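Visitor: Structure below; questions to follow.
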Amino acid sequence: MVEKLPGSDGTLELDFDRRTVSITRRRTRAARKSGLEDVSFPMSEVTGVELEAPTSTRFGSISFYVRQRKLVSTAGADLTCIQFMEYPAYYRGVMELYRQYPSIALYNRVTPVGQVSPGPDPELPEEEDDQVKALRQWEVTIADPAMRGKVRRIGDLAQRILDAVKENPEKKSQARKFLGYYLPTTLKLLETYGRSDGQPVLAASMRQAREEIEQVMDTLTVAYERQLDSLFTHEALDITTDVRVLEAMLAGDGLTEGPLDKKQG
């Protein structure tokens, strides 16, 4: 599988068959002046990805860390940075890269995501509460019933994850990537989708973006379910162990039938 993602200053290619990342630059005066040039590197050497969604007033951007550092030109420009407007396609590409290389750290523009900071986690900020509330508003404002159903399911899962982290603050490190990246990125995708709902005529690029967002909602639902499940995996294992030990003790004390008694009966 090869993802070719056009940007304003070049093209990003994620080749999952050859397992390489390549950026081909547009031959512009600005690129030459800043020393930007074509670059290619193995996916296995990617240690971090910084992804920022576009807004109505500026491009989004993506940048890679290769062996824990940025690749820079002689003029100091980031050789791995590319700007774009087609956010859903870039998001899908990054999610596939992360799926195949889960040790990669994901970053937003300000805060590193998916990395555990030293010391205890601070209390859960109100920002996550606001994001879940904003996400749930799209359950009623989006026009398409099928899409509303997907958003409702994701909203329920997001709320349960947030509640679990609030009740057990020690679980926050397990949900750091979800809280710092997946949740705000889901909200940005829904905002893009919702803003286009009231437009009587949609450009082909926006129709495609809406279709991609609808598809990625299914992927996000699975990811949210796994995130919620992972928060309780250890507890489930502890309960299973306790039950087995209890059954063995009861049988050993003659208070219940043991395996041999059941066979004889």
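Visitor: Among the residues of segment 23-53, count how many are polar (S, T, N, Q), modelled with pLDDT of 90 or more and in contact with a Phe, Trp or Tyr (Cβ under 8 Å, 6 or more places away or on another chain).
Guide: Counting residues in segment 23-53 that are polar (S, T, N, Q), modelled with pLDDT of 90 or more and in contact with a Phe, Trp or Tyr (Cβ under 8 Å, 6 or more places away or on another chain) gives 1.
Visitor: Scan segment 247-260 and tell me whether some residue there is at pLDDT below 65, over 30 Å from Asp144 (Cβ atoms), of a type outside the set (Lys, Arg) and outside any loop (DSSP other than H, G, I, E, B).
Guide: Checked segment 247-260: at least one residue is at pLDDT below 65, over 30 Å from Asp144 (Cβ atoms), of a type outside the set (Lys, Arg) and outside any loop (DSSP other than H, G, I, E, B).
Visitor: Any idea how many residues of segment 163-183 are in a helix (DSSP H, G or I), over 15 Å from Ala105 (Cα atoms) and touching a helix residue (DSSP H, G or I) at 6+ places or on another chain (Cβ under 6 Å)?
Guide: Total meeting the criteria: 4.
Visitor: Right, next: Quick check on segment 69-78. Is at least one of its residues at pLDDT 70 or above and closer than 18 Å to Val216 by Cβ?
Guide: No, segment 69-78 contains no residue that is at pLDDT 70 or above and closer than 18 Å to Val216 by Cβ.
Visitor: In the list Tyr98, Tyr87, which residue meets the criterion of being touching a strand residue (DSSP E or B) at 6+ places or on another chain (Cβ under 7 Å), at pLDDT below 80 and of a type in the set (Phe, Trp, Tyr)?
Guide: None of the others qualify; the one that does is Tyr87.
Visitor: Moving to a separate point now. Among residues belonging to segment 1-17 that are of a type in the set (Asp, Glu) and over 13 Å from Ser40 (Cα atoms), point out the one that is farthest from the chain's Cα centre (by Cα).
Guide: Asp9
The values are calculated or read from the model by the stated rules, or taken from the named source; none is laboratory data. Only a predicted model underlies this, so the values are computations on that prediction, with no experimental measurement involved. Backbone-built Cβ (ideal geometry, glycine too); neighbour counts: all protein chains shown.
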